[in-house]
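I have placed the structure first, in the form of structure tokens, so that the comments after it can refer back to it.
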Amino acid sequence: MKAAPTCPRCFGPLRPPSVWSSAWRCGPHGDVLPLQPPRQPSVAAVEMITAAARVPVWLPWPLPAGWLVTGFSQAGDERSGVRAAVVALSGPSLTHGPADLLIIAEEPGVGLGAAFAGLEGTDPGTGFDDGPPHAKIDVRGHPAALWCAKTAAPDRAVYAGEALGNWLWVIVWPAEAGYMITLSELSLRDLRDRDQALDLPFGAFCPRLGVPEA
């Protein structure tokens, strides 16, 4: 039996659409885009999420040495399309053992990036981008600024910015492995782009995404 969609802001249960409303509804957060069960890393998962995505499906390419693609997640349904896309990666950090990395693109107001970051709202918060950026990441050949977002979750490092009119979140566990964002020359590609011959290396499913689709 397929797992039910959950709230992208709190990962809690949703009330499904009915004859009175076409929206998915969370008790605390009202009408939301449904967060679908995450997908195991595979070519089929890439094809499914990119076919429906209205936001970029970002992937660092080439991957950092030793890193693997370890899962996907998305918010939206057949009616809305994918309005938030998550790519999970896992690999070695230089000094702190294994690490996990989520790269999230989402439309403003969805709240999935903030939920994974451990924030209460739907965005990084007022004033998060005051001052110079803490990191820059290459997005389709152009630099995109990222700022550290303050979070109550000390186990992760959170960076947020904007790319192509959507929020861009980069979240790393453990927090000490966040240096890879500032020191690594990550270059993001959109998996929706055609004419890409990428032989993606897949690894074991990343549990940071939750319980995968059966």
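Values computed for the structure shown
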item: Accessible solvent surface per residue of the chain, calculated while the other protein chains remain in place, 1.4 angstrom probe, Å²; result: 49 Å²
item: Relative contact order %, the range 42-151, counting alpha carbon pairs below 8 Å whose residues are six or more apart; result: 17 percent
item: Loop-located GluC sites (Glu not before Pro) in the range 131-214 whose Cβ has at most 16 other Cβ within 10 Å (DSSP); result: 185, 213
item: Lys, Arg +1 and Asp, Glu -1 on Cβ, resulting dipole of the range 85-179 about Cα centre, debye, nearest 20; result: 200 debye
item: Solvent-accessible area, 1.4 Å probe, carbon plus sulfur percent, for the range 1-71; result: 61 percent
item: Expected-Rg normalisation [2.2 N^0.38 Å, Cα atoms] applied to the range 108-180; result: 1.04
item: Pairwise centroid distance, computed over Cα atoms, of the range 153-214 with the range 85-108, Å; result: 4 Å
item: Angle between the chain longest axis and helix 43-52 axis [Cα atoms, degrees, rounded to 10]; result: 60 degrees
item: Contact order normalised by residue count of the range 1-101, Cα under 8 Å, 6+ apart, percent; result: 22 percent
item: Estimated [θ] at 222 nm from DSSP helical runs (n ≥ 4, -39500 (n - 2.57)) normalised by residues in the chain, nearest 500; result: -2500 deg cm²/dmol
item: Considering only the chain, percent of DSSP beta bridges that pair antiparallel, nearest 5; result: 90 percent
item: Test item: Cα-centred dipole of the chain, Lys/Arg +1 and Asp/Glu -1 on Cβ, debye; result: 440 debye
item: Stokes-Einstein D in µm²/s, Kirkwood radius over Cα pairs - the range 119-160 at 10 °C with 1.306 mPa s viscosity; result: 140 µm²/s
item: Percent accessible area from carbon and sulfur atoms, the range 127-214, protein chains only, probe 1.4 Å; result: 52 percent
item: Cα-Cα P(r), the chain, percent of pairs per 5 Å interval; result: 1, 7, 15, 21, 21, 17, 10, 5, 2, 0, 0
item: Using alpha carbons only: equivalent-ellipsoid semi-axes of the range 150-197, gyration tensor based, whole Å; result: 25, 14, 9
item: Kirkwood Rh, angstrom, the range 19-95 [1 / mean 1/r, Cα pairs]; result: 14.1 Å
item: Kirkwood Rh and Cα Rg combined as Rg/Rh, the range 60-165; result: 0.95
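The values are calculated or read from the model by the stated rules, or taken from the named source; none is laboratory data. The model shown is predicted, which means the values in this text are computed figures rather than measured ones. Neighbour counts are summed over all protein chains in view; Cβ atoms, including those assigned to glycine, are modelled from backbone coordinates with ideal geometry. Ligands, DNA and RNA are stripped out before the accessible areas are found, and what is left, the full protein with its side chains, is counted by its heavy atoms. Shrake-Rupley method; radii C 1.70, N 1.55, O 1.52, S 1.80 Å.
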